[in-house]
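Shown next, in structure tokens, is the structure this report addresses.
Derivation of every value follows stated rules applied to the coordinates shown; laboratory data play no part. Because the structure is predicted, anything quoted here is derived from the model rather than measured. In this analysis, Cβ positions are derived from the backbone assuming ideal geometry, glycine residues included, and neighbour counts consider all displayed protein chains.
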Amino acid sequence: MKLTNTENDPKERIDELTLKLTEANSAYHTDDAPIMSDYEFDQQRLELIKLENLYPQFKHENSPTGKVGGDTARGFRKVKHAQVMLSLDNAFNNEDIEEFEKRIKRFLGLDDDYAITYVAETKLDGLAISLTYLDGILVQAATRGGGDIGEDVTENVSTIKSIPKRLEGSPEVMEIRGEVFMEKADFEQLNQAQKVLIGKAKKEGKKNLPKLYLNPRNAAAGSLRQLDPEITRSRNLSFLAHGWGKVSAPLGNNIWEAINQLNSMGMPVIEDRELCKGSSDLISYYNNVLVKRADLPFDIDGVVYKVNDLGLQERLGSSSTSPRWAIAYKLPPEKVWTTLQDIEIHVGRTGALSPVGKLKEVSVGGVKVSSVTLHNEDFINALDSRGETIRDGKEIKIGDTVEVYRSGDVIPRISDVDLTKRPEDSKSFVFPKNCPVCGNVAVRPEGDAIHRCTAEYECEAQVLGKLQYFVSIDGLNFDGLGIKMIKQFYDRKFPDTGERWIESPGDIFLLEENLKAKNINLAEEENWGERSVQELFSEIERKKTVSLAKLLTAIGIRHLGSKNSQLVADHYQTWENFKLAVDKAAEEDEEAREDLISIGGLGEVIANSVIDTFQNRVFNEWIAKLIPELKFTNPQSDLAESTPVSGKSLVFTGKLEQMTRKEAQVKAESLGARVYSAVSKNIDLVIAGPGSGSKSKKANELGIKIISEQEWLDLIS
Ligand SMILES: [Zn+2]
């Protein structure tokens, strides 16, 4: 296919082709009497596209290449692939893979111990596409279609950013084969946007509502086959190449080299590739992919194995439908139907009642699944967090046949309910009004989807949850003292008093002492020995030294996460300061309350949660036992010597002109200062901008130094 014969006079050739193709188009669509064959038309059209790309100044405004088949209402133009796009044979188990290798050896007459080298790669769950490049310029993109004839989607594919329009050093003619797909995150985003459109269309009373896409593959197909390329452009499609069709010059001696060669031309290729020797390598590659599948940014539906040596490939050839040198090993589906046998309610450390669906065990994406989160009451009743209908309004009932899936993360979820299989006597699930563990009232505040047990520190489930959180990686991160061990220690009781071995965080640090006092030798207990006991007590000893921020996070005050704990700790510096301030705030000392609320923008909800927690009787017993066991580190001690404001108490007041109040506060705190909102005798320095009024006046009365914003900046620069 020599298409560059008119390079000397490209304008003339462009004019000629434009005229011929326009006539042919019109004849095809209106006269029903084609004046040239499809093949001829395709060849000349490709040539014109190439010339137009090289010499855009000569392109005609109404060029026939700019139209999709001339008449978009008819859909996409059909194109013949230069080389047929075959589909792959499928393997479903390890025996199929062993058989695949044996078949190859039989066909080629190879010895049993001959080690065939394969390229193994992940198989994207997307749309197969063939890209045609002439002299490195993208001239055509076509869907697979029936394998020999596909649809021309050049315009739409041109909007996909990852597909190069030009390749460096490519052969004269090259067909690239790969997959157009949508990443999981882009899919989620698209469906969110579709939801908004659906809501809008509903409000406007439209009949034809936009649809949500079922999965990324479905979304990629829908986005690629849009008649308006601008819609395709807005959809964030991706592309990766995995092979080639017709090429005018070889790309390498084997697949591995050829794919690397393609990549070096600028073509994105499937990155998860490995060279494997023999079927045992192939099977272990598969097992590795199974494990990491859920973490991949895109969906895959299998892995593909190809004989690496192109000479062997040539000899193996193809059957009528598929090449003999390649096979796809299907991954088990990530969506599976099974029965919901029961709904249990679990109670967490914050008292949240979480419904958990107990399933008839099933393998989802290669992982055994027997329970699934049902989130909350609304989810069971087919409503999302905004009160919008999900699952077409199908509620979940015990006994239902449900569709379970894993995607994006490893936690399985329910995506659908098969109403035709619902038992006749099934009843709606009634969410409990009481905590199933402690029996106390569980409430669901207005605007919240979660029911919560109100017993807090008197609910065993919440106490155990808090203890487990205390030792977890989010808490003090005990090495060798995990959630299971905490549960064992929580369940064990001292025979004389009936008290639990560990019923509050302080008991962890008192465990060694308490066991000794009761003459209990942990090393003699099942699964324990001298050494493991020694390691446990050493670790507990180490954890006695702790920063204030870490402790505040670990004791699990609701809403107070690690970031805010750090802010609070930086502000109050010591446990004593902090406790005093919270107690004052609880006694309706407005200044102390304001202070707590304003720390780094903590806000009222968190501040109130802190104050409420410190009002709790049991919590106070906890900290009374815990705090004396701890030794606090002083993270600010390094800073104390190095900045002019470390350890100082500051108030910013009035209008700041070179920074926001928040910026000023964060900066000051990073330098080791404490920032307060109210002026009192404990304040060292007031930074006053214009309009500071009463606070400056009060500072004057108290004899506190007042400086301007500029003086402040000079001080800390
Ligand atoms: Zn409870």
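Under Stokes-Einstein, with the Kirkwood radius over Cα pairs as Rh, the value for region 103-330 at 25 °C and 0.890 mPa s is 128 µm²/s. Calculate, for residue 193 and residue 487, the FRET efficiency according to 1/(1 + (r/R0)^6) with r their C-beta to C-beta distance and R0 41 Å; round to the nearest 0.05. The value I calculate is 0.40. Among 335/487; 655/698; 78/195; 466/493; 20/80; 292/487, which pairs are too far apart, with a Cα-Cα distance over 22 Å? Those over the limit are 335/487; 78/195; 292/487. Taking every alpha-carbon pair under 8 Å whose residues sit at least 6 apart, region 455-543 reaches a relative contact order of 22 percent. By the count of neighbouring beta-carbon atoms within 10 Å, fewest first, 256, 528 end up ordered 528, 256.
In this label model, residue 261 and residue 92 are separated by 3.8 nm, measuring between points 7 Å along each Cα→Cβ vector. Between region 644-689 and region 141-188, how far is it from one alpha carbon centroid to the other, in angstrom? One Cα centre to the other: 58 Å.
Can you tell me the dipole magnitude for the chain around its Cα centre, using point charges on the Cβ only (Lys, Arg +1; Asp, Glu -1), in Debye to the nearest 20?
Details: 92 positive and 113 negative charges, 215 e Å.
Roughly 1040 debye for the chain.
How would you order 304-313, 614-623 from highest to lowest mean count of nearby Cβ atoms within 10 Å?
Working: 304-313: 19.7, 614-623: 15.0.
For the peptides 304-313, 614-623, the packing ranking is 304-313, 614-623.
Relative to the longest principal axis of the C-alpha atoms of the chain, give the angle of the C-alpha long axis of helix 617-626, reported between 0 and 90° and rounded to the nearest 10°. Tilt relative to the chain: about 90 degrees. Annotation: amide H-H contacts under 5 Å for residue 647 (H modelled 1.01 Å from N, sequence separation of 5 or more, or interchain): 673, 674.
Taken over region 376-495, the percentage of Cα pairs per 10 Å bin, counting from 0 up to the bin with the maximum distance, is 11, 26, 31, 24, 7, 1.
Placing dummy labels 7 Å off each Cα toward the beta-carbon, the span from residue 420 to residue 162 is 3.7 nm. The slack in the chain from residue 301 to residue 214, taken as 0.36 nm per residue of separation less the alpha-carbon distance, amounts to 29.8 nm. Under 5 Å from the amide H of residue 346 lie the amide H atoms of 354, 356, each residue being 5 or more positions distant or on a separate chain, with H modelled from the backbone and absent for Pro and chain starts.
Simple spin-label estimate for residue 342 and residue 659 gives 5.9 nm between the two label positions (7 Å along the Cα-to-Cβ direction from each Cα).
Loop-located trypsin sites (Lys or Arg not before Pro) in region 397-459 (DSSP state other than H, G, I, E, B) with a sparse environment of at most 12 neighbouring Cβ atoms within 10 Å: 427, 433. Between residue 574 and residue 36, the contour length at 0.36 nm per residue exceeds the alpha carbon distance by 184.9 nm. Region 504-580 to region 296-357: how many Å between their Cα centroids? Taking the Cα centre of each part, region 504-580 and region 296-357 sit 43 Å apart. Contact order, relative form, for the chain: 8 percent (alpha carbon pairs under 8 Å, 6 or more residues apart, mean separation divided by residue count).
Using only the alpha carbon atoms of region 326-422, find the Kirkwood hydrodynamic radius as the inverse mean reciprocal pair distance, in angstroms to one decimal.
Working: mean 1/r = 0.0706 Å⁻¹.
Kirkwood radius, region 326-422: 14.2 Å.
Residues 598, 680, 426 in ascending order of nearby Cβ atoms (within 10 Å, fewest first): 426, 680, 598.
Using a Förster radius of 56 Å, what is the FRET efficiency between residue 634 and residue 234 based on their Cβ-Cβ separation? Nearest 0.05, please. Provide the component values of the computation, followed by the final result.
On the way: r = 54 Å, r/R0 = 0.96.
E between residue 634 and residue 234, to the nearest 0.05, is 0.55.
Which FRET efficiency value, to the nearest 0.05, is calculated for residue 283 and residue 314 with the Förster distance at 30 angstrom and r the Cβ-Cβ distance? Walk me through the numbers before you get to the answer.
Values: r = 26 Å, r/R0 = 0.88.
It comes out at approximately 0.70.
Once a ≥ b ≥ c are taken as the square roots of the eigenvalues of the Cα gyration tensor of region 47-206, is the result rounded (a/c under 1.5), prolate (a/b larger than b/c) or oblate (a/b not larger than b/c)? Oblate, because a/c is 1.5 or more while a/b does not exceed b/c.
For the chain, the longest principal axis of the alpha carbon atoms and the long axis of helix 460-471 meet at an angle near 80°. Think of it this way: in the chain, 276 stand alone, with no other Cys Cβ under 4.7 Å. For a test of the definition: using alpha carbon positions, the gyration tensor, and the 1.5 limit on a/c, classify the chain as rounded, prolate or oblate. Because a/c hits 1.5 or more and a/b exceeds b/c, the chain counts as prolate.
Ranked by the mean number of other Cβ atoms within 10 Å of their residues, highest first, the peptides 173-184, 230-241, 693-704 come out as 173-184, 230-241, 693-704.
Residue separation of residue 535 and residue 700 scaled by 0.36 nm, minus their Cα-Cα distance, works out to 53.6 nm of gained length. Between the Cα long axis of helix 255-264 and the first principal axis of the chain there is an angle of about 80°, rounded to the nearest 10. Relative contact order of region 508-577, taken over Cα pairs closer than 8 Å and 6 or more residues apart, is 23 percent. Summary of packing: across the peptides 266-278, 47-59, the per-residue average of other C-beta atoms within 10 Å ranks them, highest first, as 47-59, 266-278.
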